[in-house]
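I am attaching a structure below and will ask some questions about it afterwards.
The values are calculated or read from the model by the stated rules, or taken from the named source; none is laboratory data. The structure displayed is predicted, hence computed values, not measured ones. Here the Cβ is made from the backbone with ideal geometry for all residues, glycine too, and neighbour counts use every protein chain on show. Side chains included, ligands, DNA and RNA excluded: accessible areas come from the protein's heavy atoms. Shrake-Rupley method; radii C 1.70, N 1.55, O 1.52, S 1.80 Å.
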Amino acid sequence: MLSMDKGMLPKAYTEKFTMSQYSAPPLSGPLVVNTFVKTLGKTPAQLYDAFDMKASNAASIGQVHKASKDGKQLAVKIQYPGVANSVKSDLRIVKPFAVRIVGMNEVDMDKYFEEIETKLLEETDYKLELRRSVELSELCAHIPNLVFPRYYANMSSDRIITMDWLQGKHLKEFLETNPTQDVRNRIGQALWDFYQFQMHKLRKVHADPHPGNFLLREDGTVGIFDFGCVKEIPEDFYVNYFLLTNQEVLKDEQRRREIYTNLEMIHPSDSEKEIEFFSGLFQKMISLLTLPFTVDRFDFGDEAYFTEIYAYMDYLYNLKEVRDSKVARGSRHSLYVNRTYFGLYSILSDLKADIKTGW
């Protein structure tokens, strides 16, 4: 999340956090071989025709090596040892800082930390990721300009995933090639359609849309991989969440309050004064964030739009009433859905993509 930030951190900090997407320090060769022997009973040399012991990319919980088998170029994702065991202890370390920054009591934060812990543990389950990767790739294969790798279960385990090697560049490298506006738009449209289809048709979504998980190509196509973080969306949450994009519904104050209550944005314990105050803040915030959903076409290259969003977020953060409120506002499900759209908006903004947003 911090690696995709556009306003909270100095640019130099954001660039350092960006390294966590695909250029973290890699595992040593002996540890790589040991992982293969322990989980697949064979060394890389026994499994593949060729295997590059030097990692091509290294991210937050694993690294990728290039290999080949029967003439096919392969990407082999290897999980770092001890990652799954460290999730709980890492969250215990982070929690006091998060509680202090957000200003909520620990009990109210528990529902969010439970959601985060569940998702992080799922990301360490490579067998689950393999199943989801195959399923979602097949379901989304019809969307124009998307490219998915093929996955190989016979060369995968609970800590290794073998898939086709996809060609392309990560976002920053891709933008340095000065792609045409048409290519930017095609890639942006493909990503928007990918997320809208998952959200509205599948009710499950690739919830880790940072640039390290996409490979952009000069022909306007985009390679998508890493389905380790998938958010399954409950129907009642989905209905209420997307009612927020309906301007006519939100004009009805009673209906609006009901939706806010269903989404845990306002609480039965709130006073009338608090309900009016927070409803007003949410109304402005929602009208800004849902703007792309309310028009047929949207230009994510409009810097004024994102400047207004960050200015309003800064305004909210500094409001005394907001800082003094100790109530957790928002369903646990909103955490990863909001994260998904935050990441998508960030990438579309960097692409300066002008796309059809009607659905």
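Once the Cα gyration tensor of the chain is diagonalised, what are the square roots of 5 times its eigenvalues, in whole Å and ordered largest first, as equivalent ellipsoid semi-axes? All intermediate terms of the calculation are to be shown ahead of the outcome.
Details: eigenvalues 277, 118, 69 Å².
Equivalent ellipsoid semi-axes, largest first: 37, 24, 19 Å.
At 1.4 Å probe size, with every protein chain present, just tell me what the per residue accessible area of the chain comes to in Å². Can you show the working numbers first?
On the way: 17930 Å² over 359 residues.
Using a 1.4 Å probe on heavy atoms only, each residue of the chain averages 50 Å².
I'd like the FRET efficiency for GLU274 and ILE93, computed as 1/(1 + (r/R0)^6) with the beta carbon distance as r and R0 of 30 Å, rounded to 0.05.
Details: r = 33 Å, r/R0 = 1.10.
After rounding to 0.05, the efficiency reads 0.35.
In addition: Below 8 Å, C-alpha to C-alpha, sequence gap of six or more: please give me the relative contact order for the chain in percent. Display every interim value, and only then the final one.
Details: 500 pairs, mean separation 61.0, N = 359.
About 17 percent, as a whole number.
Give me the extension gain from GLU248 to ASP302: residue separation times 0.36 nm, minus the current Cα-Cα distance, reported in nm with one decimal. Before the final figure, lay out the partial values.
Numbers: separation 54, 0.36 × 54 = 19.44 nm, distance 2.53 nm.
Computed gain between GLU248 and ASP302 is 16.9 nm.
How compact and how long is the range 300-359, expressed as Rg and Dmax of its alpha-carbon atoms in Å?
14.5, 40
Now a separate question. Search the structure for amide H atoms under 5 Å from the amide H of ILE266, placed 1.01 Å from N in the peptide plane, and list their residues when 5 or more places away or on another chain.
So ILE266 has HN proximity to THR261.
Where q = 0.18 Å⁻¹, what log10 of I(q)/I(0) comes from the Debye formula for the range 161-208, counting one point per Cα?
For the range 161-208 at q = 0.18 Å⁻¹, log10 I(q)/I(0) is -0.79.
Follow-up. Placing one identical point scatterer on every Cα of the range 201-288 and ignoring solvent, what is log10 I(q)/I(0) from the Debye formula at q = 0.11, 0.13, 0.17, 0.19 Å⁻¹?
-0.48, -0.62, -0.83, -0.91
In a shell of Cβ-Cβ distance under 12 Å around LEU40, excluding LEU40 itself, what net charge do Lys and Arg (+1) and Asp and Glu (-1) give?
On the way: positive: LYS38, LYS42, ARG159; negative: ASP158.
Taking every other residue near LEU40 into account, the sum is +2.
Hey, another quick one. For the ranges 231-240, 162-171, what's the packing order if you count other beta-carbon atoms within 10 Å of each residue, average per peptide, and put the highest first? Intermediate results must be reported in sequence, preceding the final value.
Numbers: 231-240: 15.0, 162-171: 18.5.
Sorting 231-240, 162-171 by mean packing, highest first, produces 162-171, 231-240.
Per the 1.4 Å probe, what fraction of the accessible area of the chain, in percent, lies on carbon and sulfur atoms? Numbers along the way, then the final one.
On the way: 9840 of 17930 Å².
Summing carbon and sulfur atoms, their accessible area is 55 percent of the total for the chain.
May I ask for the angle, rounded to the nearest 10°, between helix 303-318 and the longest principal axis of the chain, with both axes built from Cα atoms and the value confined to 0 to 90°?
Tilt relative to the chain: about 70 degrees.
Please state the Cα pair-distance histogram of the range 167-359 with 10 angstrom bins from zero: what percent is in each bin?
Bin by bin from 0 Å, the calculated values are 8, 32, 35, 18, 6, 1.
Using 0.36 nm times the number of residues separating ARG257 and ASN318, minus their current alpha carbon distance, what extension gain do you get? Don't skip to the end; give the middle numbers.
On the way: separation 61, 0.36 × 61 = 21.96 nm, distance 2.42 nm.
Taking 0.36 nm per residue and subtracting the Cα distance, the gain is 19.5 nm.
Here's another thing I want to ask about it. Taking only the C-alpha atoms, wrap a convex hull around the range 110-193 and report its volume per residue in Å³ as a whole number.
142
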